[in-house]
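Structure first, commentary second.
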Amino acid sequence: MKIILASASPRRAELLRQIAVPFQQLPVDIDEALKSGETPVEHVVRLAREKAQAGAELAQQQNIHLPVLGADTIIELDAEVMGKPLNDEHARAMLQKLSGKTHHVHTAICLICGEMQTSALSSSRVEFAQLDPARIEHYVASGEPLDKAGGYAIQGAAAQFIKALHGSYSGVMGLPLYETAELLKSCEARRS
């Protein structure tokens with residue numbers, strides 16, 4: 001079953017290819033600001049839903065009739081949401097905050113399949129090593145942190161910072177494969 005991935009993320013595309021899901025990418029642009037009173041989990045679930053809805057609208061405008069998958073990933077540290085860093089200085093500050101601490105990575109997905117809309121959430125705990133300023137500076141200079149929630153990529157050079165992961169590796173990467181496969185199976189069953 002072919003789907004629309006409402007994202008420009010090369011990581012999400014790579015993960016869908018890993019489980020042999022044919023897809024077409026239709027990147028969407030939504031306001032990702034945290035709403036007043038919204039918890040980190042409510043925030044990430046809402047963003048995944050809004051991305052899927054925006055992708056479904058875009059697909060409809062282009063006369064494409066396929067299920068649409070939206071996803072969003074955030075880092076939560078001490079009830080604070082950490083999205084993508086704005087610049088190198090912001091990435092440095094994020095990595096300093098994460099240094100030596102355990103944080104949560106929440107990835108929400110939303111699949112729109114015809115009139116049906118279903119969601120799933122993957123939450124993982126990640127223990128970070130203590131990072132000295134030189135290590136942070138070297139990593140920031142690589143450019144890798146700029147496009148990543150929390151300023152790091154578990155599948156990249158930042159893998160060396162991860163002392164322990166409790167949860168879903170693919171979820172931390174940006175698309176929890178088990179949950180994605182389950183939503184796609186239920187959509188396929190509805191369509192047949």
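Tabulated data for the structure shown
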{"item": "Charge sum, other residues only, whose C-beta stays under 15 Å from ARG125's C-beta, Lys/Arg counted +1 and Asp/Glu -1", "result": "-1"}
{"item": "Projected label distance in nm at GLU182 and GLN24, using a 7 Å step from Cα toward the beta-carbon", "result": "2.9"}
{"item": "For region 136-192: rounded, prolate or oblate by the Cα gyration tensor [a/c cutoff 1.5]", "result": "prolate"}
{"item": "Alpha-carbon Rg with Dmax, taken over region 26-80, Å", "result": "13.0, 44"}
{"item": "Cysteines (scope the chain) whose Cβ has no counterpart Cys Cβ under 4.7 Å", "result": "CYS110"}
{"item": "Under Karplus coefficients 6.51, -1.76 and 1.60, residue-wise ³J(HN,Hα) of region 126-140 in Hz, glycine/proline x", "result": "10, 9, 9, 6, 6, 10, 7, x, 5, 5, 4, 4, 4, 5, 4"}
{"item": "Under the Debye formula (equal points on every Cα, no solvent term), log10 I(q)/I(0) of the chain at q = 0.14 Å⁻¹", "result": "-0.76"}
{"item": "Calculated FRET efficiency for the pair ASP78/GLU115, C-beta based, R₀ 45 Å, to 0.05", "result": "0.70"}
{"item": "For region 152-192 versus region 50-76, the gap between their alpha-carbon centres in whole angstrom", "result": "18"}
{"item": "Sparse-neighbour loop sites [GluC sites (Glu not before Pro); region 87-183; at most 12 other C-beta within 10 Å; DSSP]", "result": "GLU115"}
{"item": "Spin-label model distance (nm) - ALA141 vs GLU42, 7 Å beyond Cα toward Cβ", "result": "4.3"}
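Computed from the coordinates by the stated procedures, all read-outs in this text should not be read as laboratory data. As the structure is a prediction and not an experimental result, all values here were calculated from the model. When we count neighbours, we look across all protein chains shown, and the Cβ atoms used for this are built from the backbone with ideal geometry, even at glycine.
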